[in-house]
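Peer 1: Sending over a structure as structure tokens; questions will come in a sec.
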Amino acid sequence: MRLNSVLAEVTERIIRRSAPTRRRYLDLITRQQDRGVSRPRLACGNLAHAFAASGEDKTAIRSGAAMNIGIVSAYNDMLSAHQPYARYPDQIRLFAREEGATAQVAGCVPAMCDGVTQGQPGMELSLFSRDTIALSTAVALSHGMFEGVALLGICDKIVPGLLMGALRFGHLPTVLVPAGPMPSGLPNKTKQQVRQLYTEGKVGRDELLDAEAASYHSAGTCTFYGTANTNQMMMEVMGLHVPGAAFVTPNTKLRQALTREAVHRVLAIGMAGDDYRPLGRCIDERAIVNAAVGLLATGGSTNLAIHLPAIARAAGIVIDWEDLDRLSAAVPLLTRVYPNGAADVNGFHAAGGMGFVIATLLDTGLLHDDILTVAAGGFADYTRTPALRDDHLVWGDRQSVSGDDTILRPASDPFRTDGGMRLVQGNLGRGIFKTSAVSPDRWTIEAPAAVFDDQEEVLEAFRAGKLDRDVVVVVRFQGPAANGMPELHKLTPSLGILQDRGYRVALVTDGRMSGASGKVPAVIHLTPEALPSGPLARVHDGDMIRLSAQDGTIEALVDPVEWAAREIRAQPGSEEGTGRELFTFMRLGADSAERGASAMLAAMEHQAV
């Protein structure tokens, strides 16, 4: 199939823009491969320290005759998605020994749960935990003991952080090893209804906690299509998983077989063989475009509009929101998965899942089919779904038919003809408007502003009845530099209630809204952020605000002379506690949301210049 013209144009645009930085990056990983730190170059004392506790693997690691896989794990048993990783290192060592190789846990990275910190002070650490994870990954791999890498991570900031760190060791073959979603519990839509009833005071805390516990009930990723599951989709369309591994539930024979295959694939694509596939070559401009297409075609999390530019920059590739906007106009929406529909990711997987999505996008020229993947047969392998046959891992036929067209449709008959993520811009800056879950009659909102500097102020105003009207809720000083750019998902039930009461309601913020962004129109990630002098800092209560996905605008309808003369509102005093003050250096160094909101990458690029 001939490549879609918009896809080709955007890819070429990215290649041209990225040429100098991509060249520097590829030079870096070539130098790392040729003369970087590695086992053969370690002094005897260095090497002895590294295999001292390796038991039966000691002789093999000492000899250097076979690959040694570095495991970087995001395990903790508070985070349901990562709790299954407790047993993975022992399994990976066994699977490596089957091929005469070895594996060691190179290091562990922090893995916070946004579901636990949502609306709490700890959420202000969330985005910057991604840089922390990247730095931790680099520390783990800096020992020079490894010829391949297995990255164990799933959730929001964790997969991007692992990739950003591992890409600085891009000469190493690397596979992402997921653990899968928990089985379906209380339907997500029912859970959301209980949340709204609680917000209205119609049910108590016990009923709310019962609903939440019935939804989030066991080991595995949350089953709604938020950032964690969008990450897993992205790993498939970038070819960094074993094909079809994303949405197989934990603690099953099939999941274990996929982990075994992941280990064997790391070993098969090592630099000593004739099928060398280093991470830094797998993640190129085409793979990044594939990730963007997957995001749009599945109605994925808006958080990836921040994470994808950051991952790309770590590989020397520069993308922006205009690239996403252009692709969104050409990529159809193929899925209805909560919050964009009633089904969860288990229903999506049962209907054909990633195999079907990739197959139908390839059939219409909407994915690059020539990317370098970790799969033996290349990208075509990702159109098939794994299964066990007589306890052996096999892949079925190409997924060419949807098992449920209320969840999953072909590109020839999509739910919508566009991908539902728009760039809007105007005198309030540039932001992202996710339309895929928003009724088209609400894509344009014009209403007076109610301005807040904190989400708790919004909730107080809601409870006092001050927002019972047509209103654009402006929540500012929520950007990376101000307070670490927390998600404002706590506002979702209240704003949804106002909309259900018949009001024209929207949210405008320089913060994030999370992978659970839903039916209320919202312009998020506004950049420049309010701090120190972004346009949001000029907005007053009562200003008419107009936002429109149709024409791509976000405007304060204020006389330009008055607008220019307005005093810049100062940020309220920043809070301390819960470790927030430890991240001050990241807030001071962070760049814009459109560039990935990373202090680490900003500093790295400044040094390169």
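Peer 1: Any idea how many residues of the stretch 352-401 are in contact with a Lys or Arg (Cβ under 6 Å, 6 or more places away or on another chain), surrounded by fewer than 21 Cβ atoms within 10 Å (Cβ to Cβ) and among the small types (Gly, Ala, Ser)?
Peer 2: Number satisfying all stated conditions: 2.
Peer 1: Turning to a different aspect of this structure: Can you tell me which of (1) touching a strand residue (DSSP E or B) at 6+ places or on another chain (Cβ under 8 Å); (2) over 30 Å from residue 186 (Cβ atoms); (3) surrounded by fewer than 24 Cβ atoms within 10 Å (Cβ to Cβ) is the one residue 329 doesn't meet?
Peer 2: It is condition (1) that residue 329 fails.
Peer 1: Another one. Which condition from (1) crowded, with 21+ Cβ neighbours inside 10 Å; (2) at negative phi; (3) among the aliphatic types (A, V, I, L, M) is the one that residue 582 breaks?
Peer 2: Going through the list (1) crowded, with 21+ Cβ neighbours inside 10 Å; (2) at negative phi; (3) among the aliphatic types (A, V, I, L, M), residue 582 breaks only (1).
Peer 1: Could you count how many residues in the stretch 326-335 are over 18 Å from residue 18 (Cβ atoms) and either assigned to a helix (DSSP H, G or I) or not assigned by TED's automatic domain parsing to the domain that holds residue 163 (or both)?
Peer 2: Step one: of the stretch 326-335, the residues over 18 Å from residue 18 (Cβ atoms) are 328-335.
Adding the requirement that they be either assigned to a helix (DSSP H, G or I) or not assigned by TED's automatic domain parsing to the domain that holds residue 163 (or both) leaves 328-330.
Of the residues in the stretch 326-335, 3 are over 18 Å from residue 18 (Cβ atoms) and either assigned to a helix (DSSP H, G or I) or not assigned by TED's automatic domain parsing to the domain that holds residue 163 (or both).
Peer 1: Quick check on my filter: what residues within the stretch 138-157 are farther than 19 Å from residue 262 by Cα and of a type in the set (Val, Ile, Thr)?
Peer 2: Within the stretch 138-157, 139 is the sole residue that qualifies.
Peer 1: So is residue 106 over 29 Å from residue 490 (Cα atoms) and at pLDDT below 95 or not?
Peer 2: no
Peer 1: Go through 530, 481, 506 for me and flag whichever is crowded, with 23+ Cβ neighbours inside 10 Å, part of a loop (DSSP other than H, G, I, E, B) and aliphatic (A, V, I, L, M). So that I can check it myself, show each step before the final result.
Peer 2: On the way: 481 fails: part of a loop (DSSP other than H, G, I, E, B); 506 fails: part of a loop (DSSP other than H, G, I, E, B).
Exactly one of 530, 481, 506 is crowded, with 23+ Cβ neighbours inside 10 Å, part of a loop (DSSP other than H, G, I, E, B) and aliphatic (A, V, I, L, M), namely 530.
Peer 1: Quick check on my filter: what residues within the stretch 341-351 are outside any helix (DSSP H, G or I) and buried (at least 24 other Cβ atoms within 10 Å of the Cβ)? Walk me through it before giving the result.
Peer 2: Just the residues of the stretch 341-351 that are outside any helix (DSSP H, G or I), to begin with: 341-344, 351.
Within the stretch 341-351, 343, 344 meet the criteria.
Peer 1: Could you please give the count of residues in the stretch 535-561 that are part of a strand (DSSP E or B) and over 14 Å from residue 432 (Cα atoms)?
Peer 2: Taking the stretch 535-561 as the starting set, the residues that turn out to be part of a strand (DSSP E or B) are 544-548, 553-556.
Remaining after also requiring over 14 Å from residue 432 (Cα atoms): 544-546, 556.
So the count comes out to 4.
Peer 1: Kindly indicate whether any position in the stretch 419-434 is without any contact (Cβ under 8 Å) to a residue 40 or more places away in the chain, in a loop (DSSP other than H, G, I, E, B) and within 30 Å of residue 351 (Cα to Cα).
Peer 2: Initially, the stretch 419-434 is screened for residues without any contact (Cβ under 8 Å) to a residue 40 or more places away in the chain, giving none.
So far as the stretch 419-434 goes, no, none of its residues is without any contact (Cβ under 8 Å) to a residue 40 or more places away in the chain, in a loop (DSSP other than H, G, I, E, B) and within 30 Å of residue 351 (Cα to Cα).
Peer 1: Shifting gears a bit: Taking residue 398 and the conditions (1) over 21 Å from residue 4 (Cα atoms); (2) within 18 Å of the chain's Cα centre (by Cα), which numbered condition does it fall short on, given that it satisfies the others?
Peer 2: Among (1) over 21 Å from residue 4 (Cα atoms); (2) within 18 Å of the chain's Cα centre (by Cα), the lone unmet condition for residue 398 is (2).
Peer 1: Of all residues in the stretch 159-187, count the ones that are in a helix (DSSP H, G or I) and surrounded by fewer than 24 Cβ atoms within 10 Å (Cβ to Cβ).
Peer 2: So in the stretch 159-187, the residues in a helix (DSSP H, G or I) come out as 159-169.
Retained after the next criterion (residues that are surrounded by fewer than 24 Cβ atoms within 10 Å (Cβ to Cβ)): 168.
Total satisfying the criteria: 1.
Peer 1: In addition: Go through (1) touching a residue at least 60 places away in the same chain (Cβ under 8 Å); (2) not assigned by TED's automatic domain parsing to the domain that holds residue 529; (3) not aromatic (Phe, Trp, Tyr) one by one and return the number of the condition residue 486 breaks.
Peer 2: Evaluating residue 486 over (1) touching a residue at least 60 places away in the same chain (Cβ under 8 Å); (2) not assigned by TED's automatic domain parsing to the domain that holds residue 529; (3) not aromatic (Phe, Trp, Tyr) leaves (2) as the failure.
Peer 1: A further question follows. Inspect all residues belonging to the stretch 454-461 and state whether any of them is in a loop (DSSP other than H, G, I, E, B), modelled with pLDDT under 95 and out of contact with any Leu (no Cβ under 9 Å at 6 or more places or on another chain). Before you say what the answer is, go through the steps one by one.
Peer 2: From the stretch 454-461, those in a loop (DSSP other than H, G, I, E, B) are 454; that's our starting set.
Within this subset, residues satisfying the condition of being modelled with pLDDT under 95 are 454.
Cutting the leftovers down to out of contact with any Leu (no Cβ under 9 Å at 6 or more places or on another chain) gives us 454.
Among the residues of the stretch 454-461, at least one is in a loop (DSSP other than H, G, I, E, B), modelled with pLDDT under 95 and out of contact with any Leu (no Cβ under 9 Å at 6 or more places or on another chain), which makes the answer yes.
Peer 1: Among the residues of the stretch 529-538, are any without any contact (Cβ under 8 Å) to a residue 60 or more places away in the chain, of a type in the set (Lys, Arg) and either on the phi < 0 side of the Ramachandran plot or in the same structural domain as residue 433 (by TED's automatic domain parsing) (or both)? Break it down stepwise before answering.
Peer 2: Of the residues in the stretch 529-538, the ones without any contact (Cβ under 8 Å) to a residue 60 or more places away in the chain are 530-533, 538.
So of that shortlist, the ones also of a type in the set (Lys, Arg) come out as 538.
Those left that are additionally either on the phi < 0 side of the Ramachandran plot or in the same structural domain as residue 433 (by TED's automatic domain parsing) (or both): 538.
Within the stretch 529-538, one or more residues are without any contact (Cβ under 8 Å) to a residue 60 or more places away in the chain, of a type in the set (Lys, Arg) and either on the phi < 0 side of the Ramachandran plot or in the same structural domain as residue 433 (by TED's automatic domain parsing) (or both).
Peer 1: One residue is enough: does the stretch 64-72 have a residue meeting the conditions under 22 Å from residue 258 (Cα atoms) and out of contact with any Asp or Glu (no Cβ under 9 Å at 6 or more places or on another chain)?
Peer 2: Looking through the stretch 64-72, at least one residue is under 22 Å from residue 258 (Cα atoms) and out of contact with any Asp or Glu (no Cβ under 9 Å at 6 or more places or on another chain).
Peer 1: Moving on to the next point. Looking at the stretch 1-39, which of its residues are of a type in the set (Val, Ile, Thr) and assigned to a helix (DSSP H, G or I)?
Peer 2: Start the filter on the stretch 1-39 by keeping residues that are of a type in the set (Val, Ile, Thr), which leaves 6, 10-11, 14-15, 21, 29-30, 37.
Passing the criteria: 6, 10, 11, 14, 15, 21, 29, 30.
Peer 1: Let me ask something else. Could you list, in sequence order, the residues of the stretch 563-582 that are assigned to a loop (DSSP other than H, G, I, E, B), among the charged types (D, E, K, R) and touching a Pro at 6+ places or on another chain (Cβ under 8 Å)?
Peer 2: Taking the stretch 563-582 as the starting set, the residues that turn out to be assigned to a loop (DSSP other than H, G, I, E, B) are 566-579.
The next check asks that each one be among the charged types (D, E, K, R); those that pass are 566-567, 569, 575-576.
Matches in the stretch 563-582: 575 only.
Peer 1: Please note which helices (runs of 4 or more DSSP H) are completely contained in the stretch 236-324 and include at least 2 residues that are surrounded by 24 or more Cβ atoms within 10 Å (Cβ to Cβ), of a type in the set (Ser, Thr, Tyr) and modelled with pLDDT of 95 or more.
Peer 2: Working: elements: 253-268, 279-282, 285-297, 304-314.
In the stretch 236-324, no matching helices (runs of 4 or more DSSP H) lie anywhere.
Peer 1: Which pairs turn up if I take residues in the stretch 97-121 that are in the same structural domain as residue 266 (by TED's automatic domain parsing) and look for partners that are among the acidic types (Asp, Glu) with beta carbon separation below 7 Å, at least 6 apart in sequence or on another chain?
Peer 2: Here the result reads 102/57; 114/156; 114/487; 118/487; 121/575, each pair linking the stretch 97-121 to a residue that is among the acidic types (Asp, Glu).
Peer 1: Determine whether the stretch 535-549 contains at least one residue that is crowded, with 21+ Cβ neighbours inside 10 Å and in contact with a Gly (Cβ under 7 Å, 6 or more places away or on another chain).
Peer 2: Yes: the stretch 535-549 contains one or more residues that are crowded, with 21+ Cβ neighbours inside 10 Å and in contact with a Gly (Cβ under 7 Å, 6 or more places away or on another chain).
Peer 1: Separate question: Restricted to the stretch 583-605, and to residues that are assigned to a helix (DSSP H, G or I) and touching a strand residue (DSSP E or B) at 6+ places or on another chain (Cβ under 7 Å), which residue is farthest from residue 485 (Cα to Cα)? Break it down into steps so the answer makes sense when it comes.
Peer 2: Start the filter on the stretch 583-605 by keeping residues that are assigned to a helix (DSSP H, G or I), which leaves 583-589, 593-595, 599-605.
Still in the running and touching a strand residue (DSSP E or B) at 6+ places or on another chain (Cβ under 7 Å): 593-594.
Details: 593: 9, 594: 13 Å.
If we take residues in the stretch 583-605 being assigned to a helix (DSSP H, G or I) and touching a strand residue (DSSP E or B) at 6+ places or on another chain (Cβ under 7 Å), then 594 is farthest from residue 485 (Cα to Cα).
Peer 1: Applying the selection to the stretch 142-158, what residues are touching a strand residue (DSSP E or B) at 6+ places or on another chain (Cβ under 7 Å) and not in a loop (DSSP other than H, G, I, E, B)?
Peer 2: Answer for the stretch 142-158, where residues must be touching a strand residue (DSSP E or B) at 6+ places or on another chain (Cβ under 7 Å) and not in a loop (DSSP other than H, G, I, E, B): 148, 149, 150, 151, 152.
Quick grid of which residues meet (1) surrounded by fewer than 24 Cβ atoms within 10 Å (Cβ to Cβ); (2) closer than 23 Å to residue 33 by Cβ:
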position: 134; (1), (2): no, yes
position: 139; (1), (2): yes, yes
position: 148; (1), (2): no, yes
position: 195; (1), (2): yes, no
position: 229; (1), (2): no, no
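Peer 1: Look at the stretch 465-508 and say how many of its residues are of a type in the set (Val, Ile, Thr) and over 23 Å from residue 120 (Cα atoms). Before the answer, list the steps.
Peer 2: Going through the stretch 465-508, the residues of a type in the set (Val, Ile, Thr) turn out to be 471-475, 492, 497, 505, 508.
Cutting the leftovers down to over 23 Å from residue 120 (Cα atoms) gives us 471-472, 505.
So the answer is 3.
The values are calculated or read from the model by the stated rules, or taken from the named source; none is laboratory data. Remember, it's a predicted structure, so these values are computed and weren't measured experimentally. Methodologically, a virtual Cβ is constructed for each residue, glycine included, from the backbone with ideal geometry; neighbour enumeration extends over all protein chains shown.
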